[in-house]
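Shown next, in structure tokens, is the structure this report addresses.
The values are calculated or read from the model by the stated rules, or taken from the named source; none is laboratory data. Treat the numbers as computed from the prediction; the structure is a model and nothing was measured. Here the Cβ positions follow ideal geometry from the backbone for every residue, glycine too, while neighbour counts run over all protein chains shown.
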Amino acid sequence: MEEHMAVLDNMRRDRLVEFMDGFEKIGLGLKEMYQMITLGGDASLDLKDSMDPFTQGIQFMVRPPKKSWKQIENLSGGEKTLASLSLVFALHHYRPTPLYVMDEIDAALDFRNVSIIAHYIKDRTKNAQFVVISLRNNMFELGDRLVGIYKTFDRTQSVVIDPPQVQSVQEECARRDQEVLTKSCSASDEEMDDVDDISLLVKESQRRRSRSFSRGDNKENRLSRLSQRTRLPSIAEDRETDTS
């Protein structure tokens, strides 16, 4: 009988040691997580009875940025969401779970906090799969897969989209559009060069024509003056000469 009691006491002691070790790690993780999510807040987990932690429960309190300490039941909707997610992520950091299902956890959050939660799920939870139901763009745009469920003609259907693949297609289309634009710009530059060459040729032709015209005018003027100097006698002058 004494041996059984000793074994039971050892089990209780081991349970207390393991519980307190996990409780401290989760408390530190919660503090760090809440500070990161809220950008300056604080959170704590406290035992209501430190002598017998298994009977009285745990007290969860947070201090939002620029506010006083409050129990979680006295927080607003968005503050409760951030506090709860901080605890979930702290538990995940301590002992990861392979699958999480979250239903519109971002409903009461503003744009900045939704982006913070979405990037945390995307970047720091590689060892788990998150199924997140959301209507916020900055949440589901970071998903590896998008599953849309809709109903038409009393039939429920679904469609699956691969965002990385869609992004690659968009980048390829943008690259092709840029190539077409570059080619059109280069072609227009060549056409402008041709137009400039034609303009130069036209100007040169006009210049030569004007020079030839000016030369012709000078030649005619010289011939006119020469003819005046060596002018032949007219018929009237010949008659006057004969009568005399």
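See the values below:
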item	result
Scope region 43-71; condition of a type in the set (Val, Ile, Thr), exposed (fewer than 15 other Cβ atoms within 10 Å of the Cβ) and closer than 18 Å to residue 29 by Cα; matching residues	58
Candidates 114, 180, 169, filtered to the one that is within 19 Å of the chain's Cα centre (by Cα), in a helix (DSSP H, G or I), β-branched (Val, Ile, Thr) and farther than 16 Å from residue 37 by Cβ	169
Options 149, 121: the member that is outside the structural domain of residue 29 (by TED's automatic domain parsing), surrounded by 12 or more Cβ atoms within 10 Å (Cβ to Cβ) and of a type in the set (A, V, I, L, M, F, W, C)	121
Search result, residues across region 152-170 that are farther than 19 Å from residue 121 by Cβ and surrounded by 10 or more Cβ atoms within 10 Å (Cβ to Cβ)	157, 166, 168, 169, 170
Tally of residues being more than 23 Å from residue 32 (Cβ to Cβ) and in a strand (DSSP E or B) across region 121-166	17
Which numbered condition residue 21 fails, given (1) more than 23 Å from residue 116 (Cβ to Cβ); (2) touching a residue at least 24 places away in the same chain (Cβ under 8 Å); (3) charged (D, E, K, R)	(2)
